Amino acid sequence: MELRKVAGRRETAEVNISVQLNLDGRGIVNIDTGNRFLNHMLTTLAKHALVDLEVKASGDLKHHLSEDIALTVGDAINKALGDKRGIRRFGSALVPMDDSLARAAIDLGGRPYLSLDLKIQSSEIEDLKTEDIDHFFSSLVQSSESNIHLTVLYGTNDHHKVEAATKALALALKEACSPEPRILDMIPSTKGEL
């Protein structure tokens, strides 16, 4: 399998973002988005997916940052996967976080779709609006060209719900990106391409 490292950049009138990603890392992170909860989500995702991730971002609004960071990270994941030869493609996980239980399922098959049910009651978690959290996941799906179903089954604390969901997504992503030794020279699709 080829080296799966990517450097990405996104510069607009609203944001300046640089990303370095290694799918075959150890969960080493260096995240600076200017938003504590977004830093926490990205750190959690990378740490549990065992992806080395560096994100440096600045911008005008939290909404633009959460959207464009997710677009840049998702694009880096997609590029690092190349033609997806030899990967497992599918992954799923169930993760508890204190009072909350979350389920994630992912298909890296190139068809973007998001089913998201985080059961968040608050309009804001820490220093990030709930709608920006939702938009983060939808932007990640779009640019990574993945199909993600992310559901909080139950919970009472909104921070724990999002953290459980992010950890579940991380474990599902780790599984889906993992090499499958029996098909290292094959693309995991009946169509022969993804």
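The values are calculated or read from the model by the stated rules, or taken from the named source; none is laboratory data. Because the structure is predicted, anything quoted here is derived from the model rather than measured. Note that we place each Cβ from the backbone using ideal geometry, even for glycine, and neighbour counts take in every protein chain shown.
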Quick one: what pairs do we get from region 83-103, first residue outside any strand (DSSP E or B), second of a type in the set (S, T, N, Q) and modelled with pLDDT of 95 or more, C-beta under 7 Å, 6+ apart or different chains? R88/S178; D98/N157; D99/T156; D99/N157
Need at least 1 residues that are modelled with pLDDT of 95 or more, buried (at least 19 other Cβ atoms within 10 Å of the Cβ) and among the polar types (S, T, N, Q) per element, so show me which strands (runs of 3 or more DSSP E) inside region 1-62 make the cut, counting only ones lying wholly within it. 15-22
So which of D158, D117, D127, D134 ends up being under 17 Å from the mean Cα position of the chain (by Cα) and more than 19 Å from T72 (Cα to Cα)? D117
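So that you can scan it fast, the table gives a plain yes or no per residue for (1) at pLDDT below 95; (2) in contact with a strand residue (DSSP E or B) (Cβ under 7 Å, 6 or more places away or on another chain); (3) β-branched (V, I, T):
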site	(1), (2), (3)
Q121	no, no, no
S139	no, no, no
Q142	no, no, no
H149	no, yes, no
Y154	no, yes, no
C177	no, yes, no
T190	yes, no, yes
Checked region 163-194 for anything hydroxyl-bearing (S, T, Y) and over 11 Å from the mean Cα position of the chain (by Cα); matches are S178, S189, T190
Pick from E163, E180, E193, E145: which is over 26 Å from R36 (Cβ atoms) and either polar (S, T, N, Q) or touching a helix residue (DSSP H, G or I) at 6+ places or on another chain (Cβ under 9 Å) (or both)? E145
Candidates D99, D68, D134, D83, filtered to the one that is surrounded by fewer than 20 Cβ atoms within 10 Å (Cβ to Cβ) and under 24 Å from V15 (Cβ atoms): D134
